[in-house]
Amino acid sequence: MITEMQYRLLRVIAPRLPSTMGGGAYVGKSKLQVLLPGIEAAIRDRVVLDFGCGPGTEVKEMALLGARHVIGLDISQKWLQVARKQVEEAGVAAKCEFVSALERPVEVIVSLDTFEHFAEPEAVLHRMYSALEPGGRVFVSFGPTWYHPLGGHLFSVLPWAHILLREDALIRWRSQFKTDGARKFCEVEGGLNQMTIRRFESILRKSPFSVEQLELVPIRRLKPLHNRFTREFFTAIVRCQLRKPVALARAA
């Protein structure tokens with residue numbers, strides 16, 4: 001009964017898919033440099049891996065910013081085809097390659113807006129560790145996390161809708177627009193693993209990486225209210241830098 005009522009409510013208040021997660025905030029800007037300030041110096045003349053490269057926009061940009069070689073890794077062949085076309089049109093195809101499996105170690109790994117989607121984020125960190133040369137670094141930025149007002153991504157028809165409304169009601173509403181048969185948040189295209197800041201910190205502690213920086217960027221309008229008690233709700237972006245320790249790397 002509750003599911004039915006919530007489904008009917010959703011049909012009234014959201015007759016179409018929301019546009020809140022459409023990337024409009026980066027129009028006319030470099031998403032890479034907004035999310036990872038200073039990344040240009042970190043990738044210059046280095047072999048870089050874009051872990052979860054999608055359509056290859058950041059691969060192209062990193063090649064243009066001076067990376068020696070950029071590898072785009074993604075499991076979607078559709079996105080890899082789009083990415084190859086992007087770098088060809090930009091004239092940097094010779095510096096780029098796109099793969100679904102990595103065959104050699106790299107110096108730097110970049111991961112944008114992926115850690116809230118990975119089905120097994122712990123395993124992903126271990127894959128990143130194995131993919132790095134000794135002393136290599138990982139730059140991660142992602143958001144919104146689960147308790148952010150728009151943490152439900154596509155399901156964010158109103159602030160905290162994914163928390164206030166039942167999962168089955170939201171999934172039923174989504175089925176009006178998507179026909180992939182998803183029955184849970186984790187089954188939608190891209191997946192939603194309900195990543196919280198607390199969980200991400202726990203994953204980092206258990207990983208073999210050295211955490212050089214972990215930054216919680218507050219929602220701009222709510223910055224005065226952002227603190228250790230409200231951070232799960234008022235953090236816009238999680239940003240971190242990780243390093244593979246040289247001594248441990250040699251011993252592994």
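Points worth noting:
- Neighbour count of at most 12 Cβ within 10 Å plus DSSP loop: longest chymotrypsin sites (Phe, Trp or Tyr not before Pro)-free window in the chain: 1-176
- Across the chain, Cα pairs under 8 Å and at least six residues apart give a relative contact order of 19 percent.
- log₁₀ of I(q)/I(0) at q = 0.18, 0.26, 0.28 Å⁻¹ - the stretch 103-145, Debye sum with one point per alpha carbon: -0.52, -0.95, -1.04
- For the stretch 150-236, the direction-averaged projected area of the alpha-carbon convex hull comes to 7.3 nm².
- Most mobile listed residue (VAL188, VAL106, VAL138) in the chain, GNM with C-alpha springs under 10 Å: VAL188
- Global geometry of the stretch 28-113, whether rounded, prolate or oblate, following the gyration tensor of its Cα atoms and the 1.5 cut on a/c: rounded
- Relative contact order [Cα under 8 Å, 6+ residues apart], the stretch 8-102, whole percent: 23 percent
- The stretch 73-147: translational diffusion in µm²/s, Stokes-Einstein, Kirkwood Rh over Cα pairs, 20 °C, 1.002 mPa s: 153 µm²/s
- Separation of alpha-carbon centers, the stretch 39-95 and the stretch 128-190, rounded to whole Å: 24 Å
- GLU187-LEU214 FRET efficiency (beta carbon distance; Förster radius 25 Å; 0.05 resolution): 0.25
- Each helix, a run of at least 4 DSSP H residues, gives -39500 (n - 2.57); summed and divided by the residues of the chain, these come to -9000 deg cm²/dmol at 222 nm.
- Loop-located trypsin sites (Lys or Arg not before Pro) in the stretch 129-216 (DSSP state not H, G, I, E or B) with no more than 15 neighbouring Cβ atoms inside 10 Å: ARG166, LYS178, ARG183, LYS184.
- Among ILE71, ALA182, LEU132 the positive-end extreme of the charge dipole of the chain (Cβ point charges): ALA182
- Long-range lysine pairs (8 or more apart or interchain), the chain, Cα under 17 Å: 7
- The calculated P(r) of the chain, using every Cα pair and 10 Å bins from 0, goes 7, 28, 33, 23, 8, 1 in percent.
- Gaussian network model of the chain, springs between alpha carbon atoms under 10 Å - residue of LEU222, LEU214, LEU204 with greatest fluctuation: LEU222
Taken together, the values in this text are just the output of simple stated rules run on the coordinates, not laboratory data. Predicted model only: the values in this text are computed from it and were never measured. Neighbour counts are summed over all protein chains in view; Cβ atoms, including those assigned to glycine, are modelled from backbone coordinates with ideal geometry.
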